[in-house]
Amino acid sequence: MNCTTIDELAAAYVLGGVDADEERSISAHLETCDQPHAEVRDLIGAGSVLAAGAEPVRPSSQLRERLMATVAATPQDHRPILEQAPANEPTAETQTSIPWWRRVASPMAVAAVALAAAIGLGVWNVSLGQQIAERDEALRAIAGADVVHQVVGSAGSGLLLDDGGTAIFVAEELADLPSGSLYELWLIGSDGVPVAVGTAADAGGVTLVTLEQGIGDATTFAITVETERVAAPTGDPVLVASLEG
Amino acid sequence: MSDERGVDARLADRIRAGRTDALGELYDRYASVALGTALRVVKDREEAEDVVHDAFVAVWRKIDRFDSERGSLRSWLMTVVRNRAIDRIRGRRPLMGLDDADERSLLRTGPNPTWEAALERASAAQVQSAMASLPDEQRQAVELVYFQGYTYREVAELTGVPPGTATGRLRLALSKLRSALSEPAVERSPTGVTTFLGEELRR
């Protein structure tokens, strides 16, 4: 493709109106050509102005929660993590029709959660530790915990403490709940079925919930926001922890 | 770099560092515009929200490819939204997956001071007014390509004109839109370079 042809296709190119082969040819040409191609460069960015002509529409309140939960469980491409999904495995963004409790148990999502927790934990532990010192129950739980799981997500971060029989979720300053809502806690086993194990109504200060059953064989711990205690999650998780490994 | 682009560039840096709260801020800035665009293409509220969700996840995943010196984060986001919306109504283009399309679209998102100035200044109503002022055949060509996902060759077939006429209509349409949205604060310019200098001199 020569310079003249590319300039003729400039408007179609910047609007995404050329076919795949032409787009590759034009992109490759522009990256290497020493001509200014003002015709193309002058039109670059025009598409976003056309998009600005669409009337803004306020998204539903659930969309932000769903997005943040997905992001919390989705690795960034430039941050290789413990385990990469096979190239042909659907990514979280293509899995919107699959319930989150089935998606979140995938190795990739779990690895992402663990990584996100590892990044944020250092600073978090300091302030949490200060507050927890005032809570005897939390202290006992921490002292007796055999295993500590990191819990992270769009609502904040916390710990799931497990002494082999009793499990306690503890967190500091979780995100404010919408009026009339509560946090509901879930354990999810390898069968992918979430089991409700408690609720927390007050997001202020330190949140501490003793789970209604031990972790057992569960592979994932998650928290959703619900308007009342429900038997199955109605929305995406705002906090997640892998219980494997 | 404009104030808006400066804010976006800092957001991009934080997103690149793995900060989910920065992606939340990006969402708060542009979700309504993104949903408006997606809804205009797919015409279904639930599907449009899925498009917006997937577009922001794509930006999260691929932020390392974005270079704020070479483009506008808003423009890239809107192109990703448009790619996904078109994908829903038209099916994937042969030989061009969405991931590939997202990365290639980075080349089509700037920087371009003329369009950025128009973006910061023009309301949706002004853009609509500028579109309405186009001759019917030019407006139709833009609509078919940008909001319905047809290529210029398909537009030529649909409208019964040679491909060169279809590309010419698109070129004329964008030229007129640029002029309409550049007035009065931004000087018209055939290259964009003098426009940019004019903007800088006014600061």
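Sorted into 5 angstrom bins from 0, the C-alpha pair distances of segment B:1-40 split as 7, 24, 23, 22, 16, 7, 1 percent. Along segment B:34-41 the Karplus relation, 6.51 cos²θ - 1.76 cosθ + 1.60 evaluated at θ = phi - 60°, assigns HN-Hα couplings of 5, 5, x, 5, 4, 5, 5, 7 Hz to successive residues, with x for each Gly and Pro. Taking a ≥ b ≥ c as the square roots of the Cα gyration tensor eigenvalues, segment A:12-85 comes out oblate, since a/c reaches at least 1.5 and a/b does not exceed b/c.
Taken together, the values in this text are just the output of simple stated rules run on the coordinates, not laboratory data. Source: prediction; values computed, not measured.
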